[in-house]
Each structure stands twice: as structure tokens, then as C-alpha cells.
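Beneath this line is the structure, given in C-alpha cells, with notes to follow.
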Amino acid sequence: MKHNLFILFYLLCNVFIYAFQAGFWVYILGFVLFSAVVIWGSFDIQLGYFVNSLTHKRTKIKEVALTFDDGPTEFTPKFLDLLKENNIKATFFCIGKQIEKYPETFQRIIAEGHTVGNHTFSHSKNTGFLSASKMMEEIERCDEVILKIGEIKTNLYRPPFGVTNPNIAKAIRKTGKKSIGWNVRSLDTVIIDEKKIYKRITKNIKKGRIILMHDTSGKTYNVLVDLLLFLKQKNYSTFTIDNI
């Protein structure tokens, strides 16, 4: 864990600061920098600061992964129709309570050959503040729903909001999950303009990239329509996360 190494580095720096009798402001500056790195590491899953997450595939082939978070929802069937029409498989990181709300859609995701992953039971806005035991409960409850409704098990897990910290790292380790990140973030839940979302994704397309989207709106569906055309024109194929 990079966090432990950074703590050691920070402590050694403090020893040197003390040894050379630096001013108090140096301690303050060091603490501010330390805090900034920890916060950055918590929110940027690609850094692997607290958890080593899979964020890309090493490949020489022109292929990318389409991943969808926060479903299933009322919009998911349209996404599935589009993917089926184009003979494309994707990876869906599903929320437990959403699976309970749309069980037939979840079963369809599996039946049509897509990969599913755990995205916690409730996708709590307080994810970053939960204890390790609470995070384990969130992951395990989602696993139970996946097994009950989908009759499958998965070791794939994507942290809500991409947030990681020592408690989340412990929960992932204890539940035997494989943390999955991304290196192309669409920000489709934040950006309103479909064209801006499309440009944000396509300008970052490279071999082995993992694209993060959400099957939660008609807006993202429209972006996906254009994205699939783009991938076809550029001769890109797709892979699912379980095939890395």
C-alpha cells in the first residue's frame, strides 16, 4: 500500500526537520502537503494509493472495455438492446438495492452474456466515512443479492465514486474482491451536454482503456449510440473485465 510508504516518508521528513531545527511553519507546510496527497489518493483510483485497482488492460489489440455503474435502472433495457444489436458485451457494476428493484433486468444482463460486478448494496454517499465492518457489510449484502437473483458469484468490485481509504482497502481484502477502476471517466452524471461527454470519452480512447459510464439516463444512452459508431469506424473491439 503506497499510503504506508508515504507515512514512513513523512515521518522521516519530520525527523530531519527536527534535527535541523527548522521553523514551525515547515511542520505546518509538511502537514498540509501530506494531507493533500492523502486526499488526492482517496479520490483518484488510478493512483492505487490505498488499493491496487485494475485500471487498464495491457494489450496490443485495439480494444476497450465498456463499463456501466449504478444500475440496473429503468434505462438499462435500452442499453442492453443497443449492445445486443451491435453484438457487444459490457461489464455492469450493479448496486444491490437496484438489483432488488429491477430483478428481471439484472437477470437479462447475465443471460445476454455480460459481466457483472459488485458496486455495494446501497452506494452510500457516506462511503468514504464508513468503518471497515460497515463496508464489508455493504459488499457482502450486494453479493447475497447477486447470488439470490442472478445465481452467480463475482469477485469484481468497483468502489462507489472511486473512493478508497484504509477501511475500504481492508473491506476489499477481507471479502476477497478485485478492485476495478478506470482510465476514461465520462463524467456523464455531471456533464449535461451529450457532445461534451462524447468528446471527453473519444479523445482518450487508446488500446486497453477501461471506460466508465452509467446506465442511468437517456443522455448516456445517446452518447453510447455515437460511441459505438466511433469504435466501429476506428476498428476497436471490446473486452469485459473478467477477461483481463
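Every read-out reported here was derived from the displayed coordinates using simple, explicitly stated rules and does not represent laboratory data. Small disclaimer: the values here were computed from a predicted structure and weren't measured. Note: ideal-geometry Cβ built from the backbone for every residue, glycine included; neighbour counts use all protein chains shown.
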Handout entry: Which numbered condition residue 137 misses (of (1) in contact (Cβ under 8 Å) with a residue 24 or more places away in the chain; (2) touching a helix residue (DSSP H, G or I) at 6+ places or on another chain (Cβ under 9 Å))
Key = (1)
Exercise for the section: Go through region 163-244 and tell me which helices (runs of 4 or more DSSP H), entirely inside it, have 2 or more residues that are under 16 Å from the mean Cα position of the chain (by Cα), closer than 19 Å to residue 47 by Cβ and in contact (Cβ under 8 Å) with a residue 60 or more places away in the chain. Expected result: 166-174
